[in-house]
1. Name every residue in the stretch 163-192 that is closer than 16 Å to Phe453 by Cβ and surrounded by fewer than 19 Cβ atoms within 10 Å (Cβ to Cβ), in order of residue number.
2. Report, ordered by the first and then the second residue, all pairs with beta carbons closer than 9 Å, sequence separation of six or more or different chains, a first member in the stretch 310-330 that is free of Cβ contacts under 8 Å to residues at least 60 places away in the same chain, and a second member that is within 9 Å of the ligand (Cβ to nearest atom).
3. Any residue that is β-branched (Val, Ile, Thr) and out of contact with any Pro (no Cβ under 7 Å at 6 or more places or on another chain) - is there at least one of those in the stretch 404-427?
4. Can you name the condition, by its number, that Ala178 falls short on among (1) touching a residue at least 40 places away in the same chain (Cβ under 8 Å); (2) within 12 Å of the ligand (Cβ to nearest atom)?
5. Right, Gly146: within 11 Å of the ligand (Cβ to nearest atom) and at positive phi or not?
6. Quick check on Ile138: is it within 11 Å of the ligand (Cβ to nearest atom) and over 27 Å from Ile396 (Cα atoms)?
7. What are the pairs with Cβ atoms under 8 angstrom where one residue, in the stretch 443-464, is more than 17 Å from Val70 (Cβ to Cβ) and the other, located anywhere, is open to solvent by 30 Å² or more (accessible area, probe 1.4 Å) and among the hydroxyl-bearing types (Ser, Thr, Tyr)? Sequence gap at least six, or different chains.
8. Looking only at the stretch 149-198, which residues are among the charged types (D, E, K, R) and in contact with a His (Cβ under 9 Å, 6 or more places away or on another chain)?
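The values are calculated or read from the model by the stated rules, or taken from the named source; none is laboratory data. Given the structure is predicted, the values throughout are model-derived calculations rather than measurements. No Cβ is skipped: glycine too gets one built from the backbone with ideal geometry, and neighbour counts run over all protein chains shown. The protein model used for the area step is the full one, side chains on, heavy atoms only, and it has no ligands, DNA or RNA in it. Shrake-Rupley method; radii C 1.70, N 1.55, O 1.52, S 1.80 Å.
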Amino acid sequence: MSHSATTIASLASDFAGELIEPDQPAFDEARKVFNGMHDKRPGLIARCTSSRDVQLALEYAQHDGMQIAVRGGGHSTPGYSTCDGGLVIDLGPMKKAEIDPERRTGRFGPGLRWSELDAATQTHGLAVTGGRISHTGIAGLTLGSGSGWLERKFGMTAASLLSAELVCADGRVLRASAEENAELFWGLKGGAGNFGIVTEFEFRLHSVGPLLFAGMILHPRAVAPELIRFYRDFIERAPDEVGGGLALITAPPEEFVPEPARGQPACGVIVAYVGDPDDGPSAFGPLLEWGDPLLTMVQPMPYVAVQQMIDGGFPWGINDYSKSDYLPHLPDAAIDQLVAETSGTTSPFSQVILCPLGGAVARMDQSAMALTIPDAKWMYFCEALSWDRAEQDREIAWARAFMESMRRWSVGKAPPNFLEPDEGHRRLRVSFGEEKFGRLVALKAEYDPHNTFSLNANIPPTAG
Ligand SMILES: Cc1cc2nc3c(=O)[nH]c(=O)nc-3n(C[C@H](O)[C@H](O)[C@H](O)COP(=O)(O)OP(=O)(O)OC[C@H]3O[C@@H](n4cnc5c(N)ncnc54)[C@H](O)[C@@H]3O)c2cc1C
């Protein structure tokens with residue numbers, strides 16, 4: 001890839017943001033992404049402040065034939081928001097948060113992380129379903145998955161997207177909504193950044209908090225098979241307000257964990273009651289009373305704290321590889337297999353999270369969005385995380401084996417954000433289904449026929 005000093009100078013004359021080249025002191029910090037496995041050196045990082053900056057950066061890359069990586073929060077597990085030698089269009093500085101509390105809507109810049117959006121919306125007691133790790137970007141998450149603690153009450157993030165502004169591959173700035181460029185809007189809701197660079201998201205906001213009855217109950221791993229059975233039966237009958245998940249983790253070496261349990265395999269039940277906190281204790285009563293937990297830290301707490309509850313398990317810069325799938329049901333045999341396979345990990349950061357679907361997720365109007373969620377009660381996230389590259393190779397092998405061992409009970413699908421490139425193109429297509437995939441290919445042909453935006457869960461511009 002080439003880029004000349006002359007063209008950088010001409011870009012710099014109009015560009016309002018920061019242009020960072022490899023020889024500048026800020027480069028090493030600016031090139032970092034969440035996943036330590038992707039240690040790449042772009043040719044140029046354009047930190048945009050407006051749609052105009054995005055247009056200029058795009059034009060520059062196209063003129064010089066550079067590969068383009070678009071970055072919101074930089075959390076992509078496959079490392080799609082960075083590249084070697086190409087141009088990173090970094091939307092990080094675009095952190096607008098304009099909230100209309102009367103209409104319960106908000107317009108947000110693509111550089112926001114969930115911690116920042118949540119802080120802004122919570123000043124009005126409002127929220128939209130966001131990611132479970134607060135340093136994830138709102139942009140990538142909204143476009144390609146949108147799963148979080150609020151989803152059983154309000155559906156996934158796409159269900160609350162009202163409109164988006166984007167810069168298309170040909171440089172046009174368009175707005176997409178149910179009324180305007182409706183097919184494009186449909187594709188943005190789950191199509192994973194394939195059709196342009198989104199410069200503004202407008203969400204419907206919901207009344208949430210500021211306090212939620214929430215927290216974590218920690219049990220020893222030895223009781224996991226019985227606990228998961230109980231959790232399954234409890235949550236499958238629970239109202240939409242009962243959210244959370246269950247994680248097979250290694251208990252952290254923290255003061256709040258009883259000394260003998262620190263560093264030992266454990267089972268964490270995440271509690272999140274999305275309603276009046278006074279109703280939380282009775283709604284979660286059976287779970288709170290179950291067994292003999294190592295600790296119970298459940299109480300009314302700020303929603304923004306709920307959103308940061310498991311951040312400690314996902315530190316920025318760690319090596320990350322992930323496998324996910326839907327489980328229509330969770331029979332006893334699947335639970336036993338899941339618990340047995342989880343013991344194959346050696347890194348204290350690796351973990352398996354089981355999230356209940358149902359509620360508003362099951363009622364989303366999926367004809368109005370590209371995102372395709374099968375009829376399933378559960379989803380698993382098998383997270384291979386470690387600091388050491390040699391150890392990470394073993395953890396990746398573990399995650400792949402985990403997925404294989406669960407295949408009997410899973411559907412072989414996942415939203416674009418949870419697909420690893422080594423799973424091949426077929427799984428992306430299968431996850432959307434033939435009809436929706438065909439519509440996405442047609443949209444790609446219309447809005448990005450040369451596949452300018454290829455670093456993503458890529459929809460090809462031609463069928464085949
Ligand atoms: C530790 C961890 C936890 C996670 N937890 C959740 C979770 O709870 N729920 C969930 O749904 N997902 C979760 N994810 C997946 C997450 O949603 C995706 O990784 C998402 O892409 C991250 O968004 P980002 O903006 O930070 O990503 P980036 O790395 O910046 O971008 C990811 C992709 O989106 C594209 N993109 C980014 N911004 C734009 C834009 N403005 N316009 C067009 N394309 C854009 C990029 O080109 C790239 O292909 C998690 C991921 C990790 C690593």
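1. Asp170, Gly171, Arg172, Val173, Leu174
2. So the pair list comes out as Pro315/Leu385.
3. First, the residues of the stretch 404-427 that are β-branched (Val, Ile, Thr): 411.
Add one more test, that the residue is out of contact with any Pro (no Cβ under 7 Å at 6 or more places or on another chain), and what stays is none.
Looking through the stretch 404-427, none of the residues is β-branched (Val, Ile, Thr) and out of contact with any Pro (no Cβ under 7 Å at 6 or more places or on another chain).
4. For Ala178, the failing item is (2).
5. On the way: within 11 Å of the ligand (Cβ to nearest atom): yes; at positive phi: yes.
Yes, satisfied.
6. On the way: within 11 Å of the ligand (Cβ to nearest atom): yes; over 27 Å from Ile396 (Cα atoms): no.
Here the answer is no, as Ile138 does not meet what is asked.
7. Hits for this filter: Ala445/Thr462.
8. First, the residues of the stretch 149-198 that are among the charged types (D, E, K, R): 151-153, 165, 170, 172, 175, 179-180, 183, 189.
Within the stretch 149-198, just Lys153 meets the criteria.
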